[in-house]
Amino acid sequence: MIDTRTAPYAALILRVTLGILFLAHAGLKVFVFTPAGTAQFFGSLGLPPALAYLTILVEVVGGVALIVGFYARIAALVLIPVLLGAIFTVHGPAGFFFTNPKGGWEYLALWIVGLLAQALLGDGALALKATPAKASGVLTARSA
């Protein structure tokens, strides 16, 4: 049974946490690896180096959208391919456990599940701009 009194706050906590994680992930690329270094790494994986800049942009915009609750359900879904890309290009070959050399994919899988839960839960409390029901694919119940 869902507690409708507290569920919006659970969605808020999840949304803000996911958003902060994406800002931290983008920050790692910007402040530690540098955008140019990240682009070089993407190139070493056989990806277009320009994709690094797009990835950083998506992580920042998506992270902020989640934190403030701006179409958060859509933002959550848009961010999933970024994590899938990380699994397929870097972390998947390293095995499941994130403690493996080069980090496995367990953390990213959990992160994807959190994003899916966010998309299903809704925008949550204190959302700046709620995702329209049509855009999120949510069907509304018809009254009898």
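The values are calculated or read from the model by the stated rules, or taken from the named source; none is laboratory data. Since the structure is predicted, the reported quantities are computational estimates derived from the model, not experimental observations. Counting neighbours? That spans all protein chains shown, and the Cβs are built from the backbone with ideal geometry, glycine included.
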Exercise for the section: Kindly check whether there is at least one residue in segment 28-43 that is within 24 Å of Thr131 (Cα to Cα) and out of contact with any Gly (no Cβ under 8 Å at 6 or more places or on another chain). Expected result: no
Exercise for the section: Please give the helices (runs of 4 or more DSSP H) falling wholly within segment 71-144 in which 3 or more residues are modelled with pLDDT under 95 and surrounded by fewer than 16 Cβ atoms within 10 Å (Cβ to Cβ). Expected result: 133-136
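Conditions tested, residue by residue: (1) in contact with a strand residue (DSSP E or B) (Cβ under 7 Å, 6 or more places away or on another chain); (2) crowded, with 21+ Cβ neighbours inside 10 Å; (3) assigned to a helix (DSSP H, G or I).
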site	(1), (2), (3)
Leu23	no, no, yes
Ala26	no, yes, yes
Phe31	no, no, yes
Gly37	no, no, yes
Gly46	no, no, no
Glu59	no, yes, yes
Gly63	no, yes, yes
Leu66	no, yes, yes
Handout entry: Test result for Gly19, of a type outside the set (A, V, I, L, M), under 18 Å from Ala127 (Cα atoms) and either in contact with a Phe, Trp or Tyr (Cβ under 6 Å, 6 or more places away or on another chain) or buried (at least 19 other Cβ atoms within 10 Å of the Cβ) (or both)
Key = yes
Exercise for the section: Test Val61 against the stated conditions and say whether it is out of contact with any Lys or Arg (no Cβ under 8 Å at 6 or more places or on another chain), without any contact (Cβ under 8 Å) to a residue 24 or more places away in the chain and under 13 Å from Gly19 (Cα atoms). Expected result: yes
Completion exercise
Cβ pairs under 6 Å, 6+ apart or interchain, first in segment 27-47 and among the charged types (D, E, K, R), second surrounded by 13 or more Cβ atoms within 10 Å (Cβ to Cβ), ordered by first then second residue, are Lys29/Thr38; Lys29/Ile56
